[in-house]
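Below is one structure, written out as structure tokens; the observations come after it.
The values are calculated or read from the model by the stated rules, or taken from the named source; none is laboratory data. None of the values given here were measured: they were computed from a predicted structure. Cβ placement follows ideal geometry from the backbone for every residue including glycine, while neighbour counts extend to all protein chains displayed.
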Amino acid sequence: MNAIKKPSPVNRFKKVVITLGAVLIFTLLTLFIYATVLDLSGTYEQERNTALVHGRDTGKPVKYFGVVSRFPAHIIYQRYQPLMDYLNQNTGYHFSLKLSQTYEETATQLAGGEVDAAFMGSYVYATSREEHNLISILKPLNQDSLAIRRSVIIARRDSRIESIDDLRGKTLALASEHSLSGNWLPRYMLARHGILAADLNTITNFPNHHSVIHRVLNREYDAGAVRDQVAREYLNRGIHIIHSSEPLPTSPIVVSRDRDPKMVSAIINALLTIERDSIGEYEPVREDIGPHIRYTLSDEADYDFILEIIAFINAQNDAG
């Protein structure tokens with residue numbers, strides 16, 4: 001019988017080095033994928049209060065467009081900057097994005113003249129329009145050519161949560177306290193099913209909708225509530241929708257009532273006719289609105305129902 005040849009110390013050392021190297025490469029690759037694909041909760045503090053300006057040497061008057069912090073800063077820039085590029089090519093103004101750290105900060109930016117127009121959350125608009133003298137001018141149409149969206153409650157696909165009634169005793173992640181689809185509508189849906197905050201194990205608000213998705217996918221929370229647009233992005237990544245709200249109006253573009261009427265008209269005219277223009281390099285903006293980049297005029301009364309929802313929830317909580 002042949003004797004078993006033992007590997008030399010040199011060979012054993014080589015194997016150890018190769019194995020450790022493979023583990024290190026795998027770990028770094030995993031961390032890279034996690035950071036770029038799943039971990040969308042970054043705050044990007046250095047960018048949030050900075051106007052993202054391109055081509056200020058055009059000679060056009062510079063105007064600032066605010067955006068509520070419904071998405072992480074890098075996603076806001078990816079989705080909204082192409083629309084700024086479109087406006088810059090089709091109006092007599094140069095528009096630059098100016099981000100905020102909170103939903104309500106965008107309203108104060110408008111009121112203080114720091115921004116000239118804003119993509120604003122419906123809740124913030126409805127609750128601050130009188131105080132800050134704001135008016136909605138446009139609202140986007142969805143892929144079905146309707147100016148509606150929904151709030152949805154999501155859970156991991158591998159969980160046992162199949163309906164809104166299964167949330168009793170569970171943990172729930174919500175978006176900003178100033179988000180209609182990420183906070184107030186979910187609370188309203190729960191209240192209509194007889195479920196109050198006290199009936200949940202934990203209910204926590206996070207800065208934006210993608211933070212909610214991240215917490216649910218990472219098993220930190222049993223369920224979460226986000227706008228339907230965000231949920232659709234992750235339906236093939238391990239979540240499912242367990243409940244949807246009734247249709248609600250899409251979030252408006254808002255200006256101050258005393259803002260330059262020529263600038264306001266330029267925005268309205270450009271965005272109402274955007275579908276008839278060749279957008280070419282502005283194609284990425286389709287991911288923000290849907291397959292059709294179209295807007296329609298907004299009606300002040302579209303957002304009156306929000307105050308009724310707030311009153312209903314407060315009454316339910318007081319009674320409970």
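Could you please let me know if A225 is assigned by TED's automatic domain parsing to the domain that holds A73, small (G, A, S) and in contact (Cβ under 8 Å) with a residue 24 or more places away in the chain?
no
I'm checking my understanding of the structure. Among residues of region 188-200 that are touching a residue at least 24 places away in the same chain (Cβ under 8 Å) and in a helix (DSSP H, G or I), which one is nearest to R232 (Cα to Cα)?
M189
L146: more than 18 Å from T250 (Cα to Cα), out of contact with any His (no Cβ under 7 Å at 6 or more places or on another chain) and of a type in the set (A, V, I, L, M), yes or no?
For L146, the condition - more than 18 Å from T250 (Cα to Cα), out of contact with any His (no Cβ under 7 Å at 6 or more places or on another chain) and of a type in the set (A, V, I, L, M) - is not met.
Report whether or not H210 is under 20 Å from the mean Cα position of the chain (by Cα), within 21 Å of T102 (Cβ to Cβ) and surrounded by 15 or more Cβ atoms within 10 Å (Cβ to Cβ).
The answer is yes for H210.
Mind checking which residues of region 300-320 are without any contact (Cβ under 8 Å) to a residue 60 or more places away in the chain and closer than 28 Å to L138 by Cα?
Those that are without any contact (Cβ under 8 Å) to a residue 60 or more places away in the chain and closer than 28 Å to L138 by Cα: A301, F305, E308, A311.
From the list T91, T102, exactly one residue is β-branched (V, I, T) and more than 30 Å from I310 (Cα to Cα). Which is it?
Of T91, T102, the one residue that is β-branched (V, I, T) and more than 30 Å from I310 (Cα to Cα) is T91.
With the structure loaded, tell me whether I242 is under 20 Å from A107 (Cα atoms) and at pLDDT 90 or above or whether it fails that test.
No; evaluated as a whole, the condition is false for this residue.
Could you check region 220-270 and list, in sequence order, the residues that are closer than 22 Å to R187 by Cβ, buried (at least 20 other Cβ atoms within 10 Å of the Cβ) and of a type in the set (A, V, I, L, M, F, W, C)?
Correct list: A223, A225, V226, V230, A231, I239, L248.
Evaluate region 158-170: report whether one residue or more is hydrophobic (A, V, I, L, M, F, W, C), closer than 29 Å to F119 by Cβ and modelled with pLDDT of 95 or more.
no
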